[in-house]
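Here the structure is laid out as structure tokens; the discussion comes afterwards.
The values are calculated or read from the model by the stated rules, or taken from the named source; none is laboratory data. This structure is a prediction, so every number in the text was calculated from the model and none was measured. Every residue, glycine as well, gets a Cβ built from its backbone with ideal geometry; the counts of neighbours run over all protein chains shown.
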Amino acid sequence: MNKKISIVIALVLAAGAIIFFVKNKTVAVVKHQTNKVEQGAISSSFYTAGTLAYRNQARLSAELVAKVTHIYVQEGQTVEQGQELIKLDDSSVKAEISQMEAQVARGDIEIRRARSDMEQKRTEWLRQSELTARGMVSKQALDLALSALDNAKFQLESNEKNALQNVAALLQKQKLLEKTIIRSPIQGVVIAIPIKVGETAVASAVSLAGSSLMTIADPSSMVVEAQIAEFDIARIKLGQTAAMTTRAVPNETFMGKVTRIARSVSNDSKAPNDNKTVRTVAVQIELATSHPQFVSGMSCDLSLIEGAQAKTLLIPLTALRVDEISTDNFSGVKRRDYYVWQVKNGRVVKQMLEIGYADEYRQEVRKGLTLGDEIISGPAAFLEKLRDGQALPEVDVR
């Protein structure tokens, strides 16, 4: 019985100690942080992601259906303009050329025969004309001779046109024979060979198996392509300076300029056609220098510089506060008023600002503060509890 009483007393004492501790727990306070308005340089940038791509590349395809017999290069190999890359089977084309050569030769024979026949008919017509003039033959015999001459002329002209068609067909087959050799249209690097020896090349503009033989790219023409949301595209200008970084070369920044801004939004057939869908505009940045590690399709980070000030007033970005004030109850449009908490004679003053450029850590102030003014920059919980005109306190942020 005494043991049970002792346990109860111990529990009561423990509960009382917990209640006492909670009631008398020390209130946590946070000391404020202050900074003075400084002077310096600042630049504002628009940050987005991009993809590396070759501006100058050629996708090679065949102009006839034929098997691949030879591939003379490998992926990653540098090639010269006009260099032979792939050989297609030319046996059927050569057979057609032989057939057309025979037709051309036969056409020449027919032309010579028709020309000889025409000369005979002309001689006969002249003879009939002379006899008719002497009254030795009738006018009907002369007409028959003239008709035979006209027919001979027509046959000659017909044979000559057929011969021209045969020659044209032969030239076309000879050009087709040249196309069984695939040459590089540019100087560059082989970046893809989707076909193998023994497979059939297909003359097609669509993505069928065999329609793509090889892709050649100029590595010095590397550019960055980015998709900018339509509501941010006004921040992008032609000639705008950009800085690019990529994980492939993590310790180096590559500079470039915006060289192309699409005049239409990107076509995404999967995106719903409504006003809530965020559409994008394609932007291209040309780099001043490239790097051997760059590969088409590689992701990168972009910083597009919007503006800069060489000498201006600066405050920590953490000190900047904003009030959103509704200007129209129907449209929901809000005005954003910026301010900081300034320290004056030991009191907190709400100081309205006109701001300019900002970077990751600092904010430019154009109106509202002067060099050396003291402002409160944090912590955030402390700033939330401040009131205009109050004495500078230590604020409970529990």
**Complete:** Flagged in the range 368-396 as under 30 Å from Thr48 (Cβ atoms) and either β-branched (Val, Ile, Thr) or assigned to a strand (DSSP E or B) (or both), in numbering order, are Ser377, Gly378
**Item:** Boolean, Ala133 is surrounded by 13 or more Cβ atoms within 10 Å (Cβ to Cβ) and outside the structural domain of Glu199 (by TED's automatic domain parsing)
**Value:** no
**Message:** Given the criterion under 25 Å from Gln77 (Cβ atoms), among the aliphatic types (A, V, I, L, M) and under 18 Å from the mean Cα position of the chain (by Cα), identify the matching residue among Ile233, Ile216, Ile193.
**Reply:** Ile216
**Prompt:** Do the conditions hold for Val365, that is, is it surrounded by 13 or more Cβ atoms within 10 Å (Cβ to Cβ), farther than 29 Å from Ser45 by Cβ and assigned by TED's automatic domain parsing to the domain that holds Arg321?
**Reply:** no
**Asked** Going by the conditions given, is Lys161 in contact with a Ser or Thr (Cβ under 7 Å, 6 or more places away or on another chain) and exposed (fewer than 13 other Cβ atoms within 10 Å of the Cβ)?
**Response** no
**Request:** Identify the single condition in (1) modelled with pLDDT under 90; (2) touching a Leu at 6+ places or on another chain (Cβ under 8 Å) that Ala145 does not satisfy, given that it satisfies every other one.
**Result:** (2)
**Fill in**
Filtering the range 168-203 down to residues that are part of a loop (DSSP other than H, G, I, E, B) and either within 19 Å of Ala217 (Cα to Cα) or β-branched (Val, Ile, Thr) (or both) yields Thr180, Ser184, Pro185, Ile186, Gln187, Ile193, Pro194, Ile195, Val197, Val202
**Prompt:** Any idea how many residues of the range 80-130 are outside any loop (DSSP other than H, G, I, E, B), acidic (Asp, Glu) and in contact (Cβ under 8 Å) with a residue 60 or more places away in the chain?
**Reply:** 3
**Prompt:** If you check Met298 against the conditions, is it of a type outside the set (D, E, K, R), over 14 Å from the mean Cα position of the chain (by Cα) and at pLDDT 90 or above?
**Reply:** no
**Prompt:** Considering only residues of the range 244-281 that are of a type in the set (Gly, Ala, Ser) and surrounded by fewer than 16 Cβ atoms within 10 Å (Cβ to Cβ), which is modelled with the lowest pLDDT?
**Reply:** Ser269
**Prompt:** On the given criteria, is Val68 in the same structural domain as Leu213 (by TED's automatic domain parsing), β-branched (Val, Ile, Thr) and part of a strand (DSSP E or B)?
**Reply:** yes
**Fill in**
Over the range 48-63, the set of residues acidic (Asp, Glu) and closer than 20 Å to Asp301 by Cβ is none
